[in-house]
Amino acid sequence: MRPTPRTYPLLCCWLLTGFVAALNNWVPASWNNPGWQPALVFLWQVTGILAGLLLLVDGLSLRGISGITVERRHAENLALGVWSKVDIIIHYQGTQRRPIEVFDHYPDQCDAQLAHQTGMLDANAAAIYSYRIRAIQRGDHQFGHTDVLVGSALGLWQRRIAEGETSTIKVFPNFAAVSQYTTMAMEQQSSQLGIRLQQMRGQGTEFRQLREFRQGDSLRQIDWNSSARQRKLISRDYQEERDQQVVFLVDCGRRMRSKDSELSQLDHGLNAMLLMSYAALKQGDSVGVLCFGSELRWLKPVKGIANLSKILNRVYDIDASTQASDYNEAIKQLISRHSKRALVVLLSNIRDENSEDLLASIKLLQHKHLVVLANLEEPEVQSMLDAPVENFADSLRFCGAIHYLEQRNQASGRFNRNGILTVNSSPQTMPVALVNRYYEIKREGLL
């Protein structure tokens, strides 16, 4: 048990009486009245006895308290950075109404709103207290017990009761975009996200059916033999090739530790990978993942939209390390594990100083695979360009940012000249930019 704020005024009154009684011995003799001190001492003793009895009786009222159980309800899986509701249900079988304070031990890797609340417990009833949490780090996180502080009848004491079971939540990359993506038709979603579908060129695609010629069809789509038999123009209708494979190479090295607001570049990269994985699985392609730079994780290509959960469970708890990524070793690992031709998407933050080594490593992949380099830009550099230039230090910072961007553009140009497709985008727009490039590759039959 512990005293409540109501207890302290009672104790202060008793101590004040004792202080006045003791102070009477120090006043001048001319002020001293022989009848004051015994009366003050007696009053101090009486108030002490009454306060002690009051505290004792009120404290004893908490000894027999029982019948309190706590239940916690929350989602098993959370999306990174998204607020979620947690309910604390307190069941009480006592016969007296009690004041309580509730504090839930939520994970350290989460922010919380209203995790500490006060209220009343009615006799033979249940009370529900709700608060919100937001995960700021991916992985497995654990709730502790729930502390319930039950007040005594007079409110002078509180008894701490730790109830409720510990529970674990899994925090995944932000799959809100995927949830929205599934609620719409492909064409409607494409226009909402800014994903554009380009006109099919007719090469590298699978034949679907024959149909009558429509305005806008190219001459290459016309089936002249069928047109001669039908005595009217007949066009071939195509669809994107299926049963192709997409493999993500996800950099988890120190470059991906830099943060844009609350999310790291690795978090943004996983969000982009997740959305493109859904688009690829929806198209009938297989998706695999190889993470490198911290611990090596491999998921062989899986097919079917139901297997999106396998991708999530494989990467949701991986963190960026403090070590430099070895691109050459990662590519060798991929070549040894996967031999069938695939679209290989390298998600990283590439700078000019390591572009030459990376280019030599990617050329090993190009013998069999189509490579796309998804390069996450750094918003801090753009903020330096947008900041006002007022002094010499600002000028140096501005020029340094310009020089840095020029080096990145030159590195991107070297990749393009060597047949490597690149997607340079900010972390927030990378998911849409990457899906756009995937659709372009499918439509143009590059894979």
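The values are calculated or read from the model by the stated rules, or taken from the named source; none is laboratory data. On a predicted model such as this, the values are computed, not experimentally measured, just so you know. Because the Cβ atoms are built from the backbone with ideal geometry, glycine has one as well, and the counts that use them run over all protein chains shown. We work out accessible area using only protein heavy atoms, side chains counted, and drop any ligands, DNA or RNA first. Shrake-Rupley method; radii C 1.70, N 1.55, O 1.52, S 1.80 Å.
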- [ ] With respect to residue 95, determine if the residue is modelled with pLDDT of 75 or more, hydroxyl-bearing (Ser, Thr, Tyr) and exposed (fewer than 15 other Cβ atoms within 10 Å of the Cβ).
- [x] yes
Open item on the list: Residues that are open to solvent by less than 50 Å² (accessible area, probe 1.4 Å) and over 22 Å from residue 433 (Cβ atoms): list the strands (runs of 3 or more DSSP E) wholly contained in segment 283-397 that include at least 1 such residues.
Closed with: 286-292, 297-303
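Residue-by-condition table, conditions (1) under 23 Å from residue 136 (Cβ atoms); (2) of a type in the set (Lys, Arg); (3) free of Cβ contacts under 8 Å to residues at least 24 places away in the same chain; (4) touching a helix residue (DSSP H, G or I) at 6+ places or on another chain (Cβ under 9 Å):
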residue	(1), (2), (3), (4)
275	yes, no, no, yes
284	no, no, no, no
290	no, no, no, yes
306	no, no, yes, yes
322	yes, no, no, yes
349	yes, no, no, yes
- [ ] Name every residue in segment 82-92 that is in contact with a Leu (Cβ under 9 Å, 6 or more places away or on another chain) and either closer than 26 Å to residue 139 by Cα or surrounded by fewer than 16 Cβ atoms within 10 Å (Cβ to Cβ) (or both), in order of residue number.
- [x] 84
Open item on the list: Taking the conditions exactly as written (over 30 Å from residue 262 (Cβ atoms), assigned to a strand (DSSP E or B) and open to solvent by 70 Å² or more (accessible area, probe 1.4 Å)), does residue 160 satisfy them or not?
Closed with: yes
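Restricting attention to segment 60-81, which residues are within 17 Å of the chain's Cα centre (by Cα), assigned to a loop (DSSP other than H, G, I, E, B) and surrounded by 15 or more Cβ atoms within 10 Å (Cβ to Cβ)? So that I can check it myself, show each step before the final result.
Going residue by residue through segment 60-81, those that are within 17 Å of the chain's Cα centre (by Cα) are 74-81.
Narrowing further to those that are assigned to a loop (DSSP other than H, G, I, E, B): 74-76, 80-81.
Matches in segment 60-81: 74, 80, 81.
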Task: Hey, residue 409 at pLDDT 85 or above and not small (Gly, Ala, Ser) or not - done: no
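Rundown of residues vs (1) closer than 20 Å to residue 174 by Cβ; (2) free of Cβ contacts under 8 Å to residues at least 60 places away in the same chain; (3) part of a loop (DSSP other than H, G, I, E, B), yes/no style:
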| position | (1), (2), (3) |
| --- | --- |
| 91 | no, yes, no |
| 96 | no, yes, yes |
| 123 | no, yes, yes |
| 130 | no, yes, no |
| 150 | no, no, no |
Task: Meets criteria (modelled with pLDDT of 85 or more, closer than 30 Å to residue 11 by Cβ and open to solvent by less than 40 Å² (accessible area, probe 1.4 Å)) for residue 171 - done: no
